[in-house]
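Nothing in this text is a laboratory measurement; each read-out follows from the coordinates by a stated rule. Model, not experiment: these values are computed from the prediction. Every residue, glycine as well, gets a Cβ built from its backbone with ideal geometry; the counts of neighbours run over all protein chains shown.
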Amino acid sequence: MRFWTKSVALLIAVATTFGAVGCSFPPSRIGFIEQIAKDNRRIAKSTRTFRAAIIPLKTGTAADAGQVRSAYQEMEKTVKEVRAEMDAQPLPSSSSSAKALLSAYKDYLNGQQSILTDDLLPIVKKVEEPGGTPAAKWGYISEMLAKVSAKDNADYGPLMQAQTAYASEHNYTLQTQETYLEAQKAGKQ
């Protein structure tokens with residue numbers, strides 16, 4: 001009984017120390033990949049708002065510059081928060097491929113930041129420019145969006161390779177976001 005009490009006291013002391021120092025126990029392998037997926041969904045959601053704000057230009061209608069700026073700032077904030085979370089993200093202890101996946105995800109996030117500042121901010125500025133027709137602005141924006149898509153695909157390739165290696169090591173099956181969301185709605189996950 002005395003040994004058990006000391007063990008529990010030691011466990012509580014260790015847990016309290018982790019909490020006080022700001023550390024946490026390493027995530028499970030599933031928890032680790034789910035955190036990355038959750039953060040990716042957050043980023044994707046913020047990009048949809050931005051796209052919705054600029055899409056009126058495609059049909060020849062002026063876009064609300066304030067909405068475009070606000071949506072851009074929300075994307076910027078989201079990417080910044082996710083990057084900060086990933087900088088502090090602990091690795092699961094039982095995975096040899098988790099470090100490579102985290103590194104690839106951080107590289108991907110750096111690419112997302114570059115897209116924000118180098119490609120999407122000029123779109124915001126183009127929308128905010130006085131004058132010019134919506135069609136002319138859309139011409140510029142559609143070219144920039146093509147660049148964004150190419151950069152994003154290039155950055156996503158190494159991340160997918162690392163994710164595939166992680167899934168293979170742990171015998172996980174990769175799903176598309178659509179398949180995952182359908183399974184969530186059906187209550188299968």
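Could you tell me whether residue 109 is closer than 23 Å to residue 167 by Cα, without any contact (Cβ under 8 Å) to a residue 40 or more places away in the chain and part of a helix (DSSP H, G or I)?
When the stated conditions are applied, residue 109 passes them.
Pairing residues of segment 62-82 that are without any contact (Cβ under 8 Å) to a residue 40 or more places away in the chain with residues that are of a type in the set (A, V, I, L, M, F, W, C) and part of a helix (DSSP H, G or I), at Cβ distances under 7 Å and at least 6 apart in sequence or on separate chains, gives 64/53; 67/53; 71/50; 71/53; 78/43; 79/43; 79/109; 79/116. Among the residues of segment 157-186, those identified as under 18 Å from the mean Cα position of the chain (by Cα) and of a type in the set (Phe, Trp, Tyr) are 166, 180. Considering 103, 95, the condition of being at negative phi and in a helix (DSSP H, G or I) is satisfied by 103 alone.
Looking at segment 117-139, which of the residues that are among the aliphatic types (A, V, I, L, M) and under 31 Å from the mean Cα position of the chain (by Cα) is farthest from residue 46 (Cα to Cα)? Selected residue: 127. The test for being on the phi > 0 side of the Ramachandran plot and of a type outside the set (Ser, Thr, Tyr) holds for residue 132. Taken over segment 108-130, the criterion of being hydrophobic (A, V, I, L, M, F, W, C) and farther than 16 Å from residue 142 by Cα is satisfied by 109 alone.
Could you list, in sequence order, all residues of segment 60-80 that are surrounded by 14 or more Cβ atoms within 10 Å (Cβ to Cβ) and either closer than 21 Å to residue 32 by Cβ or among the basic types (Lys, Arg) (or both)? The answer is 69, 78, 79. For first residues located in segment 169-185 and under 16 Å from residue 40 (Cα atoms), partners that are surrounded by 10 or more Cβ atoms within 10 Å (Cβ to Cβ) and lie 6+ apart or on another chain with Cβ distances below 6 Å form the pairs 174/167.
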